[in-house]
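Chemist: Provided herewith is a single structure, encoded as structure tokens, for subsequent inquiry.
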Amino acid sequence: MPDKLTLEQRHKCMASIKSRNTRPEVLVRKFLFAHGYRFRINVKRLPGTPDIVLRKYRTCIFVNGCFWHGHEGCKYFVLPKSNTEFWQKKIERNRERDLDRRIKLRDMGWHVIQIWECQLKPKVREEYLQGLLLTLNRIMLMNYQPHPYPQNEEEILSMVAEEG
Ligand SMILES: [Zn+2]
């Protein structure tokens, strides 16, 4: 029955599209975009290929799955009962990689925000995302460090000399 097969295939296809569009990072992107933020996604030339990069805020955002990235103390991070050691090692490696990319980015002067999948579950999502906006505002204020006003002529001259 070719008709039925086609229908099944189409269902599968639609299901996969749906799951792709509801991925946690897409949620964050849509939210940020709706609030006027502009960003790049999957920036390969930065360590760890950050999911979202807000250049104006000098901020990288990673959206992590709780299982794969080993979200400590999270109910969604439960090691499988079989092959436990294998999974433990694998997730430990992912954690090390996560830490490594955070350190590298911070050394380069980037702020790094990690968002966990569980923070985007429907019941808690709105509150969490509002908090994310506050965090970005704080980062903007931190980044804004005006030059102190020069106190006397000598200082003004030395500043001019430095700039030239
Ligand atoms: Zn979690």
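Nothing in this text is a laboratory measurement; each read-out follows from the coordinates by a stated rule. Since we're looking at a predicted model, the values are computed, not measured. Cβ atoms come from the backbone with ideal geometry, glycine included; neighbour counts cover every protein chain shown.
Chemist: Taking amide hydrogens as modeled 1.01 Å from N in the peptide plane, which residues meet the under 5 Å criterion relative to I52, leaving out close sequence neighbours?
Modeler: N42, I61
Chemist: How big is the stretch 16-140 by the Kirkwood estimate over distinct Cα pairs, in Å?
Modeler: Taking the inverse mean of 1/r over all distinct Cα pairs, the stretch 16-140 comes out at 15.5 Å.
Chemist: Please give the residues of the stretch 60-77, grouped as numeric ranges, whose backbone N is less than 15 Å from a label point set 7 Å along the Cα-to-Cβ vector of M142.
Modeler: Residues 60-62 fall inside that zone.
Chemist: Determine, for the stretch 26-153, the count of lysine pairs separated by eight or more sequence positions (or lying on different chains) whose alpha-carbon distance falls under 18 Å.
Modeler: Lysine pairs meeting the criterion: 9.
Chemist: Using R₀ = 35 Å, calculate the FRET efficiency as 1/(1 + (r/R₀)^6) where r is the Cβ-Cβ separation of Y128 and L46; round to 0.05.
Modeler: That pair, Y128 with L46, gives E of 0.90.
Chemist: Amide H to amide H, which residues 5 or more places from I115 or on other chains are under 5 Å from it, using H placed in the peptide plane?
Modeler: Residues meeting the amide H criterion: F62, V63, N64.
Chemist: Ranking request for peptides 132-140, 73-81: highest mean number of other beta-carbon atoms within 10 Å first, then the rest in descending order.
Modeler: Answer by packing, highest mean first, reads 132-140, 73-81.
Chemist: If you don't mind, there's one more thing I want to ask. Please list 3J(HN,Hα) in residue order for the stretch 29-45, calculated via the Karplus relation 6.51 cos²θ - 1.76 cosθ + 1.60 where θ = phi - 60°; whole Hz, with x for glycine and proline.
Modeler: For the stretch 29-45, the Karplus-derived couplings read 4, 4, 4, 4, 4, 5, 9, x, 7, 10, 7, 10, 10, 6, 7, 6, 7 Hz, x marking Gly and Pro.
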